[in-house]
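Since the structure comes first, as structure tokens, the remarks are kept for the end.
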Amino acid sequence: MKNNLLSRSLAWLLPLLLLAGPVLAQASAVAADQPEMADALRQSGKIYVVVLVIVIILSGLLLYLVRLDRKVSRLEREVEGR
């Protein structure tokens with residue numbers, strides 16, 4: 001049983017370690033030079049438009065999930081009442 005747990009753990013850990021290498025290498029390369037697009041958006045004031053669009057999209061998704069949860073809860077109560 002312990003051997004099975006160890007082999008499953010290694011089976012999950014190995015792909016994660018292989019994926020982490022390029023991500024960490026890219027993070028150090030990105031930190032070396034500043035992103036020009038973010039600076040340009042900040043200077044022109046368009047970054048606020050980008051943030052506003054992201055907030056609107058996330059608010060819509062949150063509202064959708066809340067409404068869906070209420071509908072599912074109502075349907076669960078109807079099924080339990082039968």
Scanning for something among the hydroxyl-bearing types (Ser, Thr, Tyr) and modelled with pLDDT of 80 or more, does the range 27-39 turn up at least one residue? no
Confirm whether Leu16 is assigned to a helix (DSSP H, G or I), at pLDDT 90 or above and open to solvent by 100 Å² or more (accessible area, probe 1.4 Å).
no
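The values are calculated or read from the model by the stated rules, or taken from the named source; none is laboratory data. Quick caveat, the model's predicted, so the values are computed rather than measured. Ligands, DNA and RNA are stripped out before the accessible areas are found, and what is left, the full protein with its side chains, is counted by its heavy atoms. Shrake-Rupley method; radii C 1.70, N 1.55, O 1.52, S 1.80 Å.
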